[in-house]
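Take a look at the structure set out below.
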Amino acid sequence: MCGIVGYTGRRQAAPILLEGLSKLEYRGYDSSGMAVLSGGNITMYKSGGRLSELKRITDNGSRPAGTIGIGHTRWATHGAPNDVNSHPHISKSGKFAVVHNGIIENYLDLKLFLTEKGFSFVSETDTEVIAHLTEYYYNGDMVETLRKVVNKLNGSYALGVLSCYSPETFYAARKDSPLVVGLGERENFIASDMPAVLSSTRRFLLMDDGEIAAVSPDSVLIYNANREPVEKTPFIAEWDISAAEKNGFPHFMLKEIFEQPHALDATVRTRITDGGIILDNIALTDEQIARIDRICIVACGSAYHAGVLGKYFIEKLSRIPVETDVASEFRYRSPIVTDRTLAVIISQSGETADTLAALRQARKLGARILSVVNVVGSSVARESDDVLYTRAGPEIAVATTKGYTTQVAALMLIGLKLAQALDRIDEKDYKRICNDLIGLPEAVNKVLENNIQQLQFIASKYYSADDAYFIGRGADYALALEGALKLKEISYIHAESYAAGELKHGTISLIEKGSLVVAIACDDRLFGKTLSNIKEVKSRGATVIALCSDSSDALRAECDHVIELPQCGAETYPVAAVTALQLFAYYIASARGCDIDKPRNLAKSVTVE
Ligand code: F6R
C-alpha cells in the first residue's frame, strides 16, 4: 500500500526521498510523487507508473532543489493511478502539500463542506480534502491546525504535511496506518517503514495513533491528541541496510527463500532451552494457560495459511480446541470469544488493517491477545498482551516466504509451550519435536541444495500452464493452500487448493487431459489415502507432480514427477516442504517473465480493510 517518506536537514531532499521511495516500492504502488519546499515555495513532481518515471522527470533527484520535502508511492483506492491523482496533493493557494496513506471514509462530506467554502478539487482522491482542510484551518500554528484537521477525519491515515510557512519543519500524524520518525544527525525523517531510511539511521521514534509530530532538522516534537507533549524513547532497529538489498540475487523473493535457514534459526534456537520453551515477551503464566478453553487464530493470506497449520499442530499437542479464521471474516460471524479465549493474531507486517480490526474485536470480547509478528513495534505488536517476534528480518518481496515459515515455526513453539504447561506431552515427544525444530534450518538447507535443479526443470516444462490444482490432506492440505497462493500471486497462473478427499465432490469435473495437479503427499499417516486421490486425477488424464518425504514405487508409478524432500520431523516437515513450493512458484514466474517481487495489483502491507 502507499508509502510515505519525509526529510528535513542539510542535504538535498529530492535524492533522499527517491531513495526512500525505492525502498518502499515493495509495499506495492502504481504512481509516485514528491514535494520540496524552498524559498517559501512548494515544487511538486508527480507521475503515474513506476518510480523510474519520477526519477526521470526529476533528473534522478537533481530537481527540485531544497532541503525539506515529502514523497509518496500511491496504491490507488480513490481514482485511477494517474499523474493528477498521485500524491502529494496541494491546497488551493499552493501553501500546503500533503501525502497520505490510508482511507478517509467521510471525504465526500468534507468535499461538500469545502466546496461550500469556495475550495475546488482537481483529483478524484480522498486525500485532497486534507490539503484544503489544512489551508482552511490554518491559524499560524501548524500543530493546532493539524489537530483540527485530523479531528474532522474518519478513517485511517498516516500523513506528511509540508507548509510553506515552516521553512525547516514538516508535520506528521497517524491513525491506523504505519508511520515512524527516523532520527539522524542534524536531520530527521518520517517513513511508512524503517527500510526506507535505514541507510541514514537506525534510531526511530514509533508514533502512536492520534499523535502529531513536528519534525525539524534538530528536533522532533510529538504531541498527543490533546496537544500535550509526549516523551518517547528512541527504538534502535536491529536490521541493517544490507537486509534490504538484493545482494546479488535476481529477486528479493529468491534471496528471502535462501534466508530462511538463518531466519528459522533466529526464531527458534534461543527459545528452546534446557529449562523448557522460553517465549520472550510472553507473560502468560501456567495458571493462565490452564484457564484457556479455546484458541482463535486470526490472520490474512499466507499468515492465515500458517494459522491453518498452527491449528493442526497446537490441537494435536495441547488438546485445546483451535479455530483459524480469515481476519476479514472473523469480525462478522459473531465469534464465540470469552475471557478464557486466547486470540493468536499472526501478521508479518503487524499493520494489516483487517488483522488489526480482528485483534481489537477479540480484545473487546475479552480475549487475551498473543501475536506472532515480524516487524518490531508495529501496530499489532503494540496492541497485544504478549508478542512472539518471528525475527525473520525485513521482508521486501510482496509474496511472503521467510515471513511465513518463521510464523509456522513460532506457532510450533507456542504449541509446545502450551502442551508442556498443561502436561499433555511426554518427555520423549517433547525432546523429539524440539530437536526437529532446531533442525529446521538444516532441513530447509537440504531442500535448497538437493531439490532446486529438479524444481527448475519441472518449472521449465510447465510454466505455460493455465491452471494448477494443489491437493493434500491434513497438514499437507494447509501446504496446498500456501502452494497455490504462491503460484497464482506471482505467476498469474490460476491455481486452486483442495483437501485431496474433497476434490471428488465437485472440482474433479475440471480435471482433463493435461490438467496440472500438484499433490502434496508428505504426511506418512495419510499417504495411502492421498495416493488414491492421485490415482483419481491421473486416471482422468492429469499431469501429476508429487511432493513426498519418502518416495515409493507406487507413487512413482502414478506421477509424472516425484519431488522427494529431506527426511524431517513428522510435525515439522511442512517448513521444508513449503520451501519446495515457494521455489516451484518462483521458477515458474521467472520463466513467464513476471515482475516477481512486485506482482500486479498487490501490496505488501495491506493497510486498508
Ligand atoms: C502472500 C502474502 C499475503 C500476506 C497477507 C498478510 O504471499 O504475503 O497473503 O500474508 O497480506 O500480511 P501480514 O502477515 O503482513 O499481516
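The values are calculated or read from the model by the stated rules, or taken from the named source; none is laboratory data. Just so you know, these numbers come straight off a predicted model, no measurement behind them. Cβ placement follows ideal geometry from the backbone for every residue including glycine, while neighbour counts extend to all protein chains displayed. When the accessible area is computed, the model is the full protein with side chains, heavy atoms only, and any ligands, DNA or RNA have been set aside. Shrake-Rupley method; radii C 1.70, N 1.55, O 1.52, S 1.80 Å.
Worth a mention:
- Single residue of the range 471-525 satisfying the filter (of a type in the set (Asp, Glu) and over 26 Å from Thr572 (Cβ atoms)) that is nearest to the ligand (Cβ to nearest atom): Glu496
- Residues (open to solvent by 40 Å² or more (accessible area, probe 1.4 Å) and either in a helix (DSSP H, G or I) or of a type in the set (D, E, K, R) (or both)) located in the range 15-56: Pro15, Glu19, Asp30, Lys46, Arg50, Ser52, Glu53, Lys55, Arg56
- Tally, over the range 528-554, of residues that are open to solvent by less than 40 Å² (accessible area, probe 1.4 Å), more than 19 Å from Lys461 (Cβ to Cβ) and assigned to a helix (DSSP H, G or I): 3
- The range 290-304, residues that are among the hydrophobic types (A, V, I, L, M, F, W, C) and either within 16 Å of the ligand (Cβ to nearest atom) or in contact with a strand residue (DSSP E or B) (Cβ under 8 Å, 6 or more places away or on another chain) (or both): Ile292, Ile295, Cys296, Ile297, Val298, Ala299, Cys300, Ala303
- Options Val180, Val143, Val220, Val149; residue that is under 29 Å from Thr77 (Cα atoms) and under 29 Å from the mean Cα position of the chain (by Cα): Val180
- Matching residues, the range 318-350, being open to solvent by 10 Å² or more (accessible area, probe 1.4 Å) and within 13 Å of the ligand (Cβ to nearest atom): Val326, Ser328, Gln348, Ser349
- Qualifying helices (runs of 4 or more DSSP H) (wholly inside the range 250-296; at least 1 residues being in contact with a Ser or Thr (Cβ under 7 Å, 6 or more places away or on another chain) and among the polar types (S, T, N, Q)): 260-268
- Lone qualifier among Arg592, Arg600 - being within 16 Å of the ligand (Cβ to nearest atom), charged (D, E, K, R), under 30 Å from Ser328 (Cβ atoms) and in contact with a Phe, Trp or Tyr (Cβ under 8 Å, 6 or more places away or on another chain): Arg600
- Checked against (1) within 21 Å of Ala381 (Cα to Cα); (2) more than 14 Å from the ligand (Cβ to nearest atom), Glu315 passes all but a single condition, namely (1).
- Considering residues of the range 179-208 that are among the acidic types (Asp, Glu) and in contact (Cβ under 8 Å) with a residue 60 or more places away in the chain only, the residue most open to solvent (accessible area, probe 1.4 Å): Asp208
- Restricting the range 580-589 to residues that are open to solvent by less than 10 Å² (accessible area, probe 1.4 Å) and not hydrophobic (A, V, I, L, M, F, W, C), the residue that is farthest from the ligand (Cβ to nearest atom): Tyr586
- Taken over the range 507-517, the residue count meeting the criterion of being open to solvent by 40 Å² or more (accessible area, probe 1.4 Å) and either over 17 Å from Gly541 (Cα atoms) or part of a helix (DSSP H, G or I) (or both) is 2.
- Condition check for Tyr404: under 22 Å from the mean Cα position of the chain (by Cα), among the aromatic types (Phe, Trp, Tyr), under 23 Å from Ala357 (Cβ atoms) and open to solvent by less than 10 Å² (accessible area, probe 1.4 Å): yes
- Ser605 vs. criteria at negative phi, crowded, with 22+ Cβ neighbours inside 10 Å and either free of Cβ contacts under 8 Å to residues at least 12 places away in the same chain or within 16 Å of the ligand (Cβ to nearest atom) (or both): yes
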